[in-house]
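Asks: For reference, the structure I am asking about is given below.
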Amino acid sequence: MQVELRGLTKRFGPVVANRAVDLVLKPGEVLGLLGENGAGKSTLMNMLCGLYTPDEGEILIDGQPVHFKGPGEAIAAGIGMVHQHFMLVPVFSVVENVVLGIEPTKRLDFLDLAKAREQVREIGRQYGLEVDPDALIESLPVGVQQRVEIIKVLFRSADVLILDEPTAVLTPQEVQEFFEIVRSLRDDGKAIVFITHKLNEILEIADRISVLRNGEIVGEGDPADLTKETLAEMMVGRPVSLSLGKTARAPGETILDVRNLVVLRDDDRMAVDNISLSIHSGEIVGLAGVQGNGQSALIEAITGLRQAASGTVTYLGEDITGVSVRKRHRMGIAHIPEDRLRSGLIADFTIAENMVLDTYYDDRFAQAGQVVWTRAERWAAKAASEFDIRTPSVFLKAGNLSGGNQQKLIVARELSRETKLVVAAQPTRGLDVGSIEYIHRRLLAARDEGDGILIMSSELDEILALSDRILVMFKGRIVAEFDAREAPPDKSAVGLSMAGMAA
Amino acid sequence: MTLNENLDTATAKLLERAAPGRAEFEDLVVVPLFAVAVALALGALTMLATNVDLATIGRSYVALLQGSVGSLSALSETLTAAAPLVLAGLGLALGFRAGLFNIGAEGQILMGGMAAVITGFSLAGLPFPILLPLCLLAGALAGAAYASIAGILKAATGAHEVISTIMLNLISYRLVDYLLRLPFIQKEGRADPISKSVPPNAELPRLLDWLDPNLRVHGGVFLVIAAVIFAYWLLFRSKIGFEFRASGANPDAARYAGMKAGLIIVIAMATAGALAGLAGANQVLGVLGRTSPGFSAGIGFDAIAVALLGRSHPVGVLFAGLLFGALEAGGRQMQVDAGVSIDLIGIIQALIIVFIAAPILVRAIFPWGFRRGEQK
């Protein structure tokens with residue numbers, strides 16, 4: 001089944017999300033759709049899968065124009081989408097999730113899951129998507145949940161699969177397995193759209209690449225003729241330097257010293273199991289590991305958000321194990337939280353309010369119990385222009401900013417104070433190349449000014465690019481340490497230790 | 001140097017405030033106005049459906065208007081009815097902003113009123129300029145203390161404030177009944193539960209009784225104005241108000257920014273309780289002159305509607321309180337002139353809230369009132 005998009009345009013009020021986009025999806029081919037956040041990838045795909053109606057242009061399936069009135073019609077036509085955020089019911093089993101909405105029934109409306117169960121197994125065998133049909137979703141790792149999403153689409157006999165940022169939640173090993181699945185789907189004659197902003201991946205998996213910028217297709221080509229540099233330039237619209245030009249730097253005094261730290265989860269299970277580590281001035285320590293191996297709890301203990309069960313955290317020679325979050329901020333510990341919208345900023349507050357979210361009480365902004373907003377606003381405007389936050393005004397709600405600008409707002413807030421230790425969790429998750437480059441440079445600059453920096457990231461490439469030293473966490477322990485001062489260590493060795501195997 | 005200049009102009013540009021958007025205006029003004037209009041129309045339909053003839057319906061709405069704003073006495077009644085609604089509504093709005101759905105204004109009003117009346121007759125010997133503030137303070141403190149129970153329960157144990165404040169309301173009704181039979185409080189020579197009277201030197205003075213002794217509007221009006229200004233300052237200027245709003249809008253981000261969630265919950269509940277307690281004191285010292293079982297008369301629940309209608313903004317609460325006060329005053333006139341039950345006013349008030357809560361419905365009914373565009 002061949003799908004053709006012709007001159008698709010979609011406007012939201014005055015904003016043009018897609019302008020005259022032409023795209024062809026062919027059976028047995030992986031089309032890589034590359035673009036920054038906000039470039040219009042999702043809008044385009046939402047038109048294809050029936051969620052939006054195009055303002056202009058048409059969609060042709062095997063040469064016949066179609067008009068989807070809703071996602072149901074797109075699915076019936078054989079177009080299926082695997083969303084970035086899974087649409088699964090956690091307390092249902094795999095097969096129950098797969099049949100959701102098209103439940104097969106016997107007489108008297110009894111569910112007939114036996115047949116569906118067999119079909120799930122069959123699809124699994126055919127494409128290497130093995131999964132226990134009766135396992136509960138919530139008990140499955142994200143990589144497997146993603147397989148369920150794909151099975152769901154295949155169960156509805158889709159010939160066109162749209163995969164929206166599918167690798168965002170996977171480990172390097174899982175990504176390779178996932179690519180195998182994509183290839184087997186392609187070889188079976190499915191047309192696949194692979195949406196991503198990761199350059200490595202698109203070069204590896206795509207048979208053809210289209211680059212979207214500001215809602216328009218700005219480049220197309222064969223991966224063999226394209227390099228990361230040319231793709232990045234097309235995507236951002238200006239030359240981007242992908243290498244950071246990081247120079248080796250001798251570490252100085254100890255900034256943070258963690259000894260025999262034990263941290264428990266909310267349900268009292270062990271999250272951090274007797275970890276000791278130290279971070280020095282002028283050093284970036286990368287904390288690698290598959291999500292859920294205790295990295296978040298470790299960071300919460302360092303920043304004061306979670307009490308340590310035992311062990312000590314020493315900062316600049318002072319024991320801060322029991323010290324409050326506020327006090328730690330004031331002592332010069334900056335924290336870029338893992339999830340910017342959940343805990344990093346307040347979407348309903350203005351940029352100015354967010355910019356002083358953890359300094360509003362300071363003498364610079366407050367007197368006699370009140371916040372002097374004119375001062376805070378002036379300061380916020382200065383920080384916003386210094387940190388290149390693209391916004392017409394600091395009185396705009398932070399929720400209206402793009403992800404990259406939201407993250408820059410947090411980075412600006414945290415790094416424009418007097419800091420000695422920067423704890424950055426997933427500092428560039430879901431950001432575009434331009435913002436990633438910018439934030440990485442800021443972190444390196446902080447290092448060069450003598451800050452100690454701890455970076456936690458599920459993107460191994462990010463850890464490798466920035467770190468002077470890499471610690472790998474697995475099941476609450478540090479299982480490996482790599483020196484990366486002179487040259488980055490072997491990626492596969494780090495990847496293996498992330499999976500708990502000795503390097 | 002040029003780089004610095006560029007940065008400076010960029011900075012200056014970022015400080016330009018955009019004019020309030022059309023969407024905001026629609027949200028804050030147009031939707032409530034239409035909601036009131038639809039509610040009044042549905043009120044008329046309700047009357048029609050219950051065999052009230054058109055002339056009576058017309059007469060009743062004329063009476064509603066006359067009884068609320070049609071004369072000096074009507075205005076006085078509107079203000080008198082609005083005062084406790086605004087005071088308690090401000091307290092609830094503060095709570096809502098901090099993410100606390102406090103249902104307990106009713107109980108806090110009862111406690112505040114009791115404290116005010118007890119202080120009043122116990123210290124009757126004190127001169128007016130000392131006794132009145134003391135009574136008001138007692139009311140605010142009692143309301144604050146009573147609301148803090150729910151705040152502390154939530155902060156310490158996670159008990160949900162909706163449940164605990166509802167239960168505290170129930171406790172407060174019986175507590176008032178019990179207190180009113182204590183010899184120390186009960187009026188001498190009375191068998192029914194009723195308190196001693198507030199001495200004249202503890203009363204909120206009538207403002208217009210020199211024009212006509214029947215004009216009930218009293219000094220509580222100034223209390224309301226002061227409370228609106230205070231609530232505005234607290235929410236949008238003070239440090240603690242910033243913490244309230246941050247905790248309400250995103251508790252996680254507030255915690256990450258080093259704000260102490262438990263402390264903020266307790267302070268927010270106490271402040272809300274103080275304002276509700278003040279509403280109780282206002283009723284006792286300005287209108288009732290003593291307390292009797294259930295003297296709060298549902299004001300604490302109407303105030304929830306007022307706070308919601310006012311979008312938890314102090315100025316919005318003021319206008320919403322005035323509207324509800326007007327409906328109440330006008331409703332009484334309606335009953336007298338047209339013989340329509342005052343319960344109809346309750347229905348109209350409830351309908352207003354339903355429509356405020358469903359702005360999309362209002363937009364659908366009045367498409368010409370709104371700018372066309374994609375829904376959020």
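The values are calculated or read from the model by the stated rules, or taken from the named source; none is laboratory data. Nothing here was measured: the structure is a model prediction, and the numbers come from that model. Cβ sites come from the backbone with ideal geometry, for glycine too, and all protein chains shown count toward neighbours.
Asks: Only one of A:F92, A:F110, A:F86 is over 28 Å from the mean Cα position of the chain (by Cα) and aromatic (F, W, Y). Can you tell me which? Please lay out each step first, then the result.
Replies: Working: A:F92 fails: over 28 Å from the mean Cα position of the chain (by Cα); A:F86 fails: over 28 Å from the mean Cα position of the chain (by Cα).
Going through A:F92, A:F110, A:F86 in turn, just one is over 28 Å from the mean Cα position of the chain (by Cα) and aromatic (F, W, Y): A:F110.
Asks: Anything in the range A:327-385 that is of a type in the set (D, E, K, R) and surrounded by 22 or more Cβ atoms within 10 Å (Cβ to Cβ)? List them, or say none. Full working, then the answer.
Replies: Kept after step one, since they are of a type in the set (D, E, K, R), are these residues of the range A:327-385: A:327-328, A:330, A:338-340, A:342, A:348, A:353, A:358, A:362-364, A:375, A:377-378, A:382.
Residues satisfying the conditions are A:R328, A:E338, A:R340, A:E353, A:D358, A:E377.
Asks: Within the range A:186-226, which residues are surrounded by fewer than 16 Cβ atoms within 10 Å (Cβ to Cβ) and within 23 Å of the chain's Cα centre (by Cα)?
Replies: Passing the criteria: A:N200, A:E204, A:N214.
Asks: For the range A:413-426, which residues satisfy the criterion of being away from every other protein chain (no Cβ under 12 Å), of a type in the set (G, A, S) and in contact with a helix residue (DSSP H, G or I) (Cβ under 6 Å, 6 or more places away or on another chain)?
Replies: A:S416
Asks: Taking the conditions exactly as written (more than 22 Å from A:F86 (Cβ to Cβ) and touching a residue at least 12 places away in the same chain (Cβ under 8 Å)), does A:D207 satisfy them or not?
Replies: Numbers: more than 22 Å from A:F86 (Cβ to Cβ): yes; touching a residue at least 12 places away in the same chain (Cβ under 8 Å): yes.
Taking the combined requirement at face value, the residue satisfies it.
Asks: Checking the conditions here, which among B:A257, B:A231 is in contact with a Leu (Cβ under 6 Å, 6 or more places away or on another chain) and within 13 Å of chain A (Cβ to nearest Cβ)? Reasoning before the result, please.
Replies: On the way: B:A231 fails: within 13 Å of chain A (Cβ to nearest Cβ).
On inspection, the qualifying residue turns out to be B:A257.
Asks: Within the range A:407-416, is there a residue that is within 22 Å of A:R328 (Cα to Cα), touching a residue at least 40 places away in the same chain (Cβ under 8 Å) and hydroxyl-bearing (S, T, Y)?
Replies: no
Asks: Restricting attention to the range B:241-254, and to residues there that are surrounded by fewer than 20 Cβ atoms within 10 Å (Cβ to Cβ) and either more than 7 Å from every other protein chain (Cβ to nearest Cβ) or under 20 Å from B:H313 (Cβ atoms) (or both), which single residue is nearest to the chain's Cα centre (by Cα)? Explain how you work it out, then say what you get.
Replies: Step one: filter the range B:241-254 for residues surrounded by fewer than 20 Cβ atoms within 10 Å (Cβ to Cβ), giving B:249, B:251-252.
If we keep only those that are either more than 7 Å from every other protein chain (Cβ to nearest Cβ) or under 20 Å from B:H313 (Cβ atoms) (or both) as well, we get B:249, B:251.
Values: B:A249: 21, B:P251: 25 Å.
Checked the range B:241-254; the qualifying residue nearest to the chain's Cα centre (by Cα) is B:A249.
Asks: Could you please give the count of residues in the range B:98-117 that are at pLDDT 95 or above and surrounded by fewer than 24 Cβ atoms within 10 Å (Cβ to Cβ)?
Replies: 0
Asks: Let me ask you something else. Just a yes or no: is a residue in the range B:289-299 more than 14 Å from chain A (Cβ to nearest Cβ), under 30 Å from B:P133 (Cβ atoms) and within 12 Å of the chain's Cα centre (by Cα)? Please lay out each step first, then the result.
Replies: Applying the first criterion (more than 14 Å from chain A (Cβ to nearest Cβ)) to the range B:289-299 yields B:289-299.
Then keep just the ones that are under 30 Å from B:P133 (Cβ atoms); that gives B:289-299.
Now drop any that are not within 12 Å of the chain's Cα centre (by Cα), which leaves B:298-299.
Yes, the range B:289-299 contains a residue that is more than 14 Å from chain A (Cβ to nearest Cβ), under 30 Å from B:P133 (Cβ atoms) and within 12 Å of the chain's Cα centre (by Cα).
A quick yes/no check of all residues on (1) under 29 Å from B:Y173 (Cβ atoms); (2) of a type in the set (S, T, Y); (3) not in a helix (DSSP H, G or I):
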| residue | (1), (2), (3) |
| --- | --- |
| B:F222 | no, no, no |
| B:A226 | no, no, no |
| B:G241 | no, no, no |
| B:R245 | no, no, no |
| B:D252 | no, no, no |
| B:R255 | no, no, no |
| B:A276 | yes, no, no |
| B:S296 | yes, yes, yes |
| B:A320 | yes, no, no |
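Asks: Now for a separate question. Quick one: in the range A:378-399, which of the residues that are within 25 Å of the chain's Cα centre (by Cα), without any contact (Cβ under 8 Å) to a residue 40 or more places away in the chain and assigned to a loop (DSSP other than H, G, I, E, B) is farthest from the other protein chains (Cβ to nearest Cβ)?
Replies: Applying the filter and picking the extreme gives A:R390.
Asks: Mind telling me which of the residues A:P251, A:P239 ends up being assigned to a loop (DSSP other than H, G, I, E, B) and either of a type in the set (F, W, Y) or farther than 29 Å from A:F474 by Cβ (or both)?
Replies: Values: A:P251 fails: either of a type in the set (F, W, Y) or farther than 29 Å from A:F474 by Cβ (or both).
Exactly one residue qualifies, and that residue is A:P239.
Asks: Related question: Looking only at the range A:316-330, count every residue that is away from chain B (no Cβ under 14 Å) and polar (S, T, N, Q) and tell me the total. Walk me through how you get there before you give the answer.
Replies: Here is the first cut: in the range A:316-330, the ones away from chain B (no Cβ under 14 Å) are A:316-319, A:321-322.
The next check asks that each one be polar (S, T, N, Q); those that pass are A:321.
Total satisfying the criteria: 1.
Asks: Can you tell which of A:Q146, A:Q126 is in contact with a Pro (Cβ under 7 Å, 6 or more places away or on another chain), in a helix (DSSP H, G or I) and modelled with pLDDT under 90? Show your work before the answer.
Replies: On the way: A:Q126 fails: in contact with a Pro (Cβ under 7 Å, 6 or more places away or on another chain).
Among A:Q146, A:Q126, only A:Q146 is in contact with a Pro (Cβ under 7 Å, 6 or more places away or on another chain), in a helix (DSSP H, G or I) and modelled with pLDDT under 90.
Asks: Sort through B:L182, B:L141, B:L153, B:L137 and tell me the only one that's among the hydrophobic types (A, V, I, L, M, F, W, C), without any contact (Cβ under 8 Å) to a residue 40 or more places away in the chain and under 13 Å from B:G112 (Cβ atoms).
Replies: Numbers: B:L182 fails: under 13 Å from B:G112 (Cβ atoms); B:L141 fails: without any contact (Cβ under 8 Å) to a residue 40 or more places away in the chain; B:L153 fails: under 13 Å from B:G112 (Cβ atoms).
Checking each option against the conditions leaves just B:L137.
Asks: Is there any pair with a first residue in the range A:25-36 that is assigned by TED's automatic domain parsing to the domain that holds A:D164 and a second that is among the charged types (D, E, K, R) whose Cβ atoms are under 6 Å apart and which are 6 or more apart or on different chains, and what are they?
Replies: Matching pairs, first to second residue: A:G28/A:R186; A:E29/A:D207; A:V30/A:R186; A:V30/A:D207; A:L31/A:R208; A:L33/A:K41; A:G35/A:K41; A:E36/A:D432.
Asks: Only one of (1) in contact (Cβ under 8 Å) with a residue 24 or more places away in the chain; (2) out of contact with any helix residue (DSSP H, G or I) (no Cβ under 9 Å at 6 or more places or on another chain); (3) surrounded by fewer than 16 Cβ atoms within 10 Å (Cβ to Cβ); (4) under 17 Å from A:V153 (Cβ atoms) fails for A:I102. Which number is that?
Replies: For A:I102, the failing item is (2).
Asks: Follow-up question, since we're still on this one. Out of curiosity, is B:I166 closer than 15 Å to B:N102 by Cα and either without any contact (Cβ under 8 Å) to a residue 40 or more places away in the chain or in a loop (DSSP other than H, G, I, E, B) (or both)?
Replies: On the way: closer than 15 Å to B:N102 by Cα: yes; either without any contact (Cβ under 8 Å) to a residue 40 or more places away in the chain or in a loop (DSSP other than H, G, I, E, B) (or both): no.
Taking the combined requirement at face value, the residue does not satisfy it.
Asks: Has the range B:187-206 got at least one residue that is in contact with a helix residue (DSSP H, G or I) (Cβ under 9 Å, 6 or more places away or on another chain), of a type in the set (D, E, K, R) and either farther than 13 Å from B:S292 by Cβ or at pLDDT below 90 (or both)?
Replies: Of the residues in the range B:187-206, the ones in contact with a helix residue (DSSP H, G or I) (Cβ under 9 Å, 6 or more places away or on another chain) are B:193, B:195-206.
From what's left, of a type in the set (D, E, K, R): B:196, B:203, B:206.
Next, only the ones that are either farther than 13 Å from B:S292 by Cβ or at pLDDT below 90 (or both) stay: B:203, B:206.
Scanning the range B:187-206 turns up at least one residue that is in contact with a helix residue (DSSP H, G or I) (Cβ under 9 Å, 6 or more places away or on another chain), of a type in the set (D, E, K, R) and either farther than 13 Å from B:S292 by Cβ or at pLDDT below 90 (or both).
Asks: Please work out which one of (1) more than 13 Å from A:V422 (Cβ to Cβ); (2) touching a Pro at 6+ places or on another chain (Cβ under 9 Å); (3) in contact (Cβ under 8 Å) with a residue 40 or more places away in the chain; (4) surrounded by fewer than 21 Cβ atoms within 10 Å (Cβ to Cβ) is the condition A:D483 fails and give its number.
Replies: Condition not satisfied by A:D483: (3).
Asks: So, in the range A:88-111, exactly how many residues are out of contact with any Leu (no Cβ under 9 Å at 6 or more places or on another chain) and closer than 16 Å to A:P71 by Cβ?
Replies: The qualifying residues number 2.
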